[in-house]
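One structure is given here, and the rest of the page talks about it.
The values are calculated or read from the model by the stated rules, or taken from the named source; none is laboratory data. Quick caveat, the model's predicted, so the values are computed rather than measured. Please note: Cβ atoms are built from the backbone with ideal geometry, for glycine as well, and neighbour counts cover all protein chains shown. Protein only, heavy atoms only, side chains kept; ligands, DNA and RNA dropped before computing areas. Shrake-Rupley method; radii C 1.70, N 1.55, O 1.52, S 1.80 Å.
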Amino acid sequence: MQAFLEPTPLDPMAKTPSKAHPWHGISPGENAPRIITAFIEIVPTDTVKYEIDKESGYLKIDRPQQYSNIIPALYGFVPRTFCGDRIARLASERSGRTVAEGDGDPLDICVLTEREITHGDILLQAIPIGGFRLIDKGEADDKIIAVLKGDAMYGQYNDLSELPEAVVKRLRHYFLTYKNLPGEPAVMELASVYGRDEALEVIQTSMDDYADMI
């Protein structure tokens, strides 16, 4: 992992810096965790689930969206975060259950905005307002809920508790069902829903997990 944090090499043909790795080569922001840089992989209009290829840093097709679930917000991750042992311990402490480990991925984030963003593979500034503490087959898999910085509609909300109930229900339904397969038991469990202060703690903890990893 350390190699990803070295200075970005020059492309000998173009004589310009090559693309920074979205997970390792981009800062979460000088004001993190209060205001964070998010890398967006999927938008609500996508009919294919994209995710970052951890080795190359490019988006790859994970799978077509085979069922009716549509992501209700911009979805991606916070650079230079990692859901490891610290996130697992925090999940155990706050949920009152044993969570053995984090899911081994960067911290997921959903960003609410009134604007139609037509594609992923972009960076944006987001303000965290809460999150869902999800358990995926025994692993901590937090989803931070944030608003797009400067958004005319959602920018007024400072905490998840202030959001319209219908918005929270839509997000919760998506994350509890998006991995379900017909005829098979559900794999996602919602351990708790938390507000802004705990979201900031989760983000900082995932940043500390990342520091431990490298």
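Residues are listed down the side, and each one gets a yes or a no for (1) closer than 24 Å to A20 by Cα; (2) at pLDDT below 95; (3) β-branched (V, I, T):
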site	(1), (2), (3)
A100	no, yes, no
D103	yes, no, no
P106	yes, no, no
I109	yes, no, yes
E114	no, no, no
R133	no, no, no
D136	no, yes, no
E139	no, no, no
I144	yes, no, yes
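Per-residue answers, yes or no, for (1) touching a residue at least 60 places away in the same chain (Cβ under 8 Å); (2) assigned to a helix (DSSP H, G or I):
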{"position": "V147", "(1), (2)": "no, no"}
{"position": "R172", "(1), (2)": "no, yes"}
{"position": "L176", "(1), (2)": "no, yes"}
{"position": "E184", "(1), (2)": "no, no"}
{"position": "S192", "(1), (2)": "yes, no"}
{"position": "V202", "(1), (2)": "yes, yes"}
{"position": "Y210", "(1), (2)": "yes, yes"}
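Just one of the listed residues (R86, R80) is within 11 Å of S206 (Cα to Cα), in contact with a Phe, Trp or Tyr (Cβ under 6 Å, 6 or more places away or on another chain) and either among the small types (G, A, S) or open to solvent by 20 Å² or more (accessible area, probe 1.4 Å) (or both), and it is R80. For M153, the conditions (1) more than 21 Å from Q125 (Cα to Cα); (2) touching an Asp or Glu at 6+ places or on another chain (Cβ under 6 Å) are fulfilled apart from (1). Among the residues of the range 36-59, those that are at pLDDT below 95, part of a strand (DSSP E or B) and among the charged types (D, E, K, R) comprise K49, E51.
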